[in-house]
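Worksheet for the structure shown next.
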Amino acid sequence: MKQLVAVLTVLLAIIVIWYAACIPMNIKGVLTEQERAGAEVVPPSAKDRRDMGEIGLALRNSFAVPATWAQDRPRLPAPHQVGIELWETTVQKKITSKRSLVYHGWVTLSATILGFAIGTGLGILLAVGIVHSRVMDLSVMPWAIVSQTIPIIALAPMIIVVLYSIGIQGIIPKAVISAYLSFFPVVVGMVKGLRSPDAMQLDLLRTYNASNGQAFWKLRLPASMPYLFASLKIGIAASLVGAIVGELPTGAVAGLGARLLAGSYYGQTVQIWSALFAAAILAACLVGLLGLIERAVLKRMGMTQ
C-alpha cells in the first residue's frame, strides 16, 4: 500500500509540473491567437521580461492561461491532450487503420522482437566465448565496447544504405539496428554472470573431475541467470529504441517512428507525444513480461521462493 501511495504521489507531482510547464511554453502562441481575435494583451514590463521571461507574460495575461492547455498545436501538449490522443488512436480506431497506434506499435514490435532475438543470441554466444577464451576476452570485448561509442543516429542510415544496396529491405534493416543496440548489455551481463561463481565452487567441481562443459551447464549457466535477465530487460528496451531509430532514415509509413516523423513534418506535437508514450508503454510491457518469465525460471531453478 505504501509503495502504491508513493508511486501515485510521484505521478501526481509529475502531472502538476507538466501542467505548470505548459503555461510558459505555450503562452506566446495563445496570446498571438488572442490578439488576432481582438483581445487586449498586456506586454510584460522590462523587469518582468528580464527576471521571469514568459512567466511574467503569463502573469500579466492570466485570462489566457487556460488556453495554454487546449491549443491545437502547442509547443508542449497538456497531459489530458496526450491522454485523449492515446485513447482515440488505440481504442477508437480499428487496429488495421493507418492511424491506429496499435497497428504502428505492432510494426515496430515485430522488428524489436526479431532484433532482440538476434542480439540476445549473439550476445550470449560472445559471452560464452569471452569467458572460455582468453584470446576472445582480449580481442572481442574491447571492440564490443568501442562499437557502443558510435551514435546510433549516425550509424543507422549507413546500415540501411548498405543493406538496401544488396537488396535487403523491410524488417531486416530495423532488426539489425535493434540487435546492434541490444547485444552489448547482454554480453556484459552474461559475462558477469558466467564469472560469478567463486574459486571455491570451481575448485569443488574440479575435485569431482568435472569437465569444462559440466562446469558450464551445472554451475556457470545457472549462476548467470539473474545477471542475464537483468541485462535482457535493458536489451529489450534498447532494441525498441533501435527499431524506432531504424524507421526514421527510411521515411517509413508504418511504425512508431513513422508516427514521430509524420508529427514532426506537420507540426502535430500531440501526435508526437502520444507516439512517445505509446513507445514507453510498449517498453514497460516488454520489460514486465521478461520480469514474469524471470520469476518463473528462477523459481523453477530453486533460486527464488
Residue count, region 263-283, condition over 16 Å from V102 (Cβ atoms) and small (G, A, S), comes to 3
Please specify each residue of region 141-192 satisfying the condition of being of a type in the set (G, A, S) and either surrounded by 23 or more Cβ atoms within 10 Å (Cβ to Cβ) or part of a helix (DSSP H, G or I) (or both). A144, S147, A154, A156, S165, A175, S178, A179, S182, G189
When region 293-303 is checked residue by residue, the ones that are more than 17 Å from S231 (Cβ to Cβ) and either open to solvent by 80 Å² or more (accessible area, probe 1.4 Å) or not in a helix (DSSP H, G or I) (or both) are K299, R300, M301, G302
Identify, from the list I95, I130, the residue that is more than 21 Å from F216 (Cα to Cα) and either within 24 Å of the chain's Cα centre (by Cα) or open to solvent by less than 50 Å² (accessible area, probe 1.4 Å) (or both). I95
Residues of region 276-305 being free of Cβ contacts under 8 Å to residues at least 24 places away in the same chain, within 11 Å of the chain's Cα centre (by Cα) and over 11 Å from I236 (Cβ atoms), which ones? L276, A280, I281
Any residue in region 101-127 that is over 14 Å from G170 (Cα atoms) sitting within a Cβ distance under 9 Å of a residue that is surrounded by fewer than 20 Cβ atoms within 10 Å (Cβ to Cβ) and charged (D, E, K, R)? List the pairs, counting only those 6 or more apart or interchain. L101/K93; V102/K93; V102/K94; Y103/K93; Y103/K94; H104/K98; A127/K192
For region 128-143, name all the residues that are free of Cβ contacts under 8 Å to residues at least 12 places away in the same chain and not hydrophobic (A, V, I, L, M, F, W, C). G129, S133, R134, D137, S139, P142
How about region 210-269: which helices (runs of 4 or more DSSP H) wholly inside it have at least 3 residues that are crowded, with 21+ Cβ neighbours inside 10 Å and not aliphatic (A, V, I, L, M)? 221-247
Need pairs with beta-carbon distance below 7 Å; first residue aromatic (F, W, Y) and within region 63-83, second surrounded by fewer than 16 Cβ atoms within 10 Å (Cβ to Cβ); sequence gap 6+ or separate chains. W69/Y19
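The values are calculated or read from the model by the stated rules, or taken from the named source; none is laboratory data. All values derive from a computational prediction rather than experimental measurement. Neighbour counts are summed over all protein chains in view; Cβ atoms, including those assigned to glycine, are modelled from backbone coordinates with ideal geometry. Ligands, DNA and RNA are excluded from the accessible area calculation, which covers all protein heavy atoms including side chains. Shrake-Rupley method; radii C 1.70, N 1.55, O 1.52, S 1.80 Å.
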